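> First, the structure itself, so that you have it in front of you.
Computed from the coordinates by the stated procedures, all read-outs in this text should not be read as laboratory data. Note that this is a predicted model, so its numbers are computed, not measured. Please note: Cβ atoms are built from the backbone with ideal geometry, for glycine as well, and neighbour counts cover all protein chains shown.
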Amino acid sequence: MTAIQTRLKRNQMRRDKQPQSHIYDSYRSRGRSAGASRCPDCGAIYDDGRWTWRISAGQMHQLQCPACKRIHEQAPAGEITFDGDYLLNRADEVLALLHHQADGEKQEHPLERIMDIQQQPEHIVVQTTGPHLVRRLGAAMLHAHQGELEISYRDNEGLLRAHWVRSSAR
Ligand SMILES: [Zn+2]
């Protein structure tokens, strides 16, 4: 079996386990190389099939991690939008919450990060490098600020989208 066939087979196995995120997986799937590698952009370490933040001694290959690759290519894996006049006087509070949650997620999962935040008075859009962060940000907003959350996966886009909304009137 050639290397390419081997990689395809591994991708297929991963898809079977995680049918919802094959685009995401296409950024994840890498052939294993001997020894550890370090992402030159963020310093994440790839070792034994996993990306971590641990410090590793010794000489390492350079390998751009999937999160930095997504940031470089502006290819988000998730996008969550926050809407409503409820946000008008709470933007700072909400952004602090989102950053706090993102920091926690990134510590646990190096590939889950905020890529970009666009902010308008009643409208905040957050793009992420991973789908789990979208769910975490949505859940945190529901917990802290109630409102309504809708999550939709559109397979043709390979992007997990979520929409949170709350108006002040309620
Ligand atoms: Zn990186």
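> Which loop GluC sites (Glu not before Pro) in segment 42-118, with loop taken from DSSP, have no more than 14 other Cβ atoms within 10 angstrom of their Cβ?
When the GluC sites (Glu not before Pro) of segment 42-118 are filtered for loop state and at most 14 Cβ neighbours within 10 Å, nothing remains.
> Between residue 146 and residue 81, 0.36 nm times their residue separation minus their Cα-Cα distance comes to what?
21.9 nm is the gain from fully extending residue 146 to residue 81.
> Between residue 95 and residue 117, what is the label-to-label distance in nm when each label sits 7 Å out along the Cα-to-Cβ direction?
Using points 7 Å along Cα→Cβ, the separation is 0.6 nm.
> Something else: Residue 111's amide H: which non-local residues (gap 5+, or another chain) put their own amide H closer than 5 Å, with H modeled 1.01 Å from N in plane and none for Pro or chain starts?
Under 5 Å from the amide H of residue 111 lies no amide H from a residue far enough along the sequence or on another chain.
> Using r as the Cβ-Cβ distance of residue 103 and residue 50, and R0 as 22 Å, what FRET efficiency do you calculate, to the nearest 0.05?
Calculated transfer efficiency: 0.65.
> Under the definition of Cα pairs under 8 Å and six or more residues apart, what whole-number percent is the relative contact order of segment 78-165?
37
> Shape verdict for segment 78-165, please, from the Cα gyration tensor: rounded (a/c under 1.5), prolate (a/b greater than b/c) or oblate.
Oblate is the answer for segment 78-165, as a/c is 1.5 or above yet b/c matches or exceeds a/b.
> Antiparallel DSSP bridges in segment 78-165: what percent, to the nearest 5?
Bridges in segment 78-165 that DSSP calls antiparallel: roughly 75 percent.
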